[in-house]
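These notes concern the structure reproduced below.
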Amino acid sequence: MKKNLPLILFALLYLALLGILFFLPSQIGQKSLISPLGQSAGWRTKLLEKYSFENLRKREYQGSEIKLEKVIKEEEGYTSWLFSFQSDGKKVTGMANLPKKSGKLPVIIMIRGYADDQIYFTGLGTRKAAGVFAENGFITLAPDFLGFGGSDTLSADISSPRETNLFISSPRETNLFISSPRETNLFILEARFERPVTVLNLLASIKSLPNADTNKVLMWAHSNGGQIALSVLEISQKNIPTVLWAPVTKGFPESVLQYMGEMDDQGLKVKKAIDDFLTLYEPKNYSIDNYFADIKAPLQVHQGTADEYIKTEWTDSFIQTLKNLGKSVIYYKYPRNDHNLSRDWDLVVSRDLEFFKKNLMIK
């Protein structure tokens, strides 16, 4: 008996370990462990499920304090500040324009499109329009997003600036129990799913600005910022009047696959991540085109017919879908205009001011 005691003790310890591995996942919710007997889809938690639109709707966005860190520039009618706030425990910076007016003022969240992180500066892609809005009495808040400006960085293995345009990040939640090597690969898509969360957290933080009227909040977005703004409208289902310039309106993953040819490695890394994603997740749960019916805000959309990145027929189709759903949308097309609507820029911005004032009943 004594000779068999070590063997008996080893067997008991092994059985206890099996019990922990099989039953602990049900007690820890989002965290899951690798079973020594192989993967079990029945109890494994998928690590990106928290970013599905339905799950993001269930979340509470408490917001944080918006801190005015330093003056960027003084203008006659407003002051440009570097601001920061917390989004899910991560610092995000951006440019805030505060009009030199007293009383409660309406707020415009401004969401830029693609920016090369090698040449990026706070306010790139939004500062010109934001200046016009601030001169007309609107507070503007334009987040840099993670990895840009003074924000917390993305992981270091982003190998190409073009990958940043597609919202690429890499594994950094080392405290999670990874249930599959394939899911580890999927973390390169996480930054795409985080950006709407960043905007939702910023919206919840507006209340910390003393002069902000939380009942008068708007959005302005350009290019890929358009799909972020649409995601926010669909997840929150709030009435936030929104302007879109040359927006990305294709669903996921088509909106990523469309631009993979421009990446340095021809998108092989991203294509592999998307292929893995499609085997584990239902893409429509993460895709704006599956939730257009949930938009409850009026929209104004601008499209240049010579846009080199967004085809006019894509935006035409998006507008027709919204109209078929009975949504409130104003659509302007500008002949021979590029992605930045540079030929008619002043006209476009004046129409945006009119749209914002009309929806807020401002004279």
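Given the pairs K46/K296; K104/K128; K50/K284; K70/K238; K50/K296; K104/K358, which are separated by over 21 angstrom at their Cα positions? Long pairs (Cα-Cα over 21 Å): K46/K296; K104/K128; K70/K238; K50/K296. According to the calculation over all Cα-Cα pairs in segment 110-152, the P(r) per 10 Å bin from zero is 29, 51, 19, 1 %.
Dipole magnitude for segment 64-120: computed about the Cα centre from +1 point charges on Lys and Arg Cβ and -1 point charges on Asp and Glu Cβ, it is near 220 debye. Report D for segment 46-360 in µm² per second (integer): Stokes-Einstein, Kirkwood Rh on Cα pairs, 10 °C, 1.306 mPa s. Answer from the Stokes-Einstein relation: 80 µm²/s. The Rg/Rh ratio of segment 232-363, with Rg taken over Cα atoms and Rh as the Kirkwood radius over Cα pairs, comes to 1.02. Considering segment 306-363 at the alpha-carbon level, its Rg and Dmax are found to be 13.3, 37 Å. With Cα atoms defining each centre, segment 279-328 and segment 60-102 are spaced 30 Å apart in the structure.
Mean projected area of the convex hull spanned by the Cα atoms of segment 274-350, taken over all viewing directions: 6.5 nm².
No lab work stands behind these numbers, since they all come straight from the coordinates. No experiment lies behind these values; they were computed from the predicted model shown. Note that each Cβ is placed from the backbone with ideal geometry, even for glycine, and that neighbours are counted across all protein chains shown.
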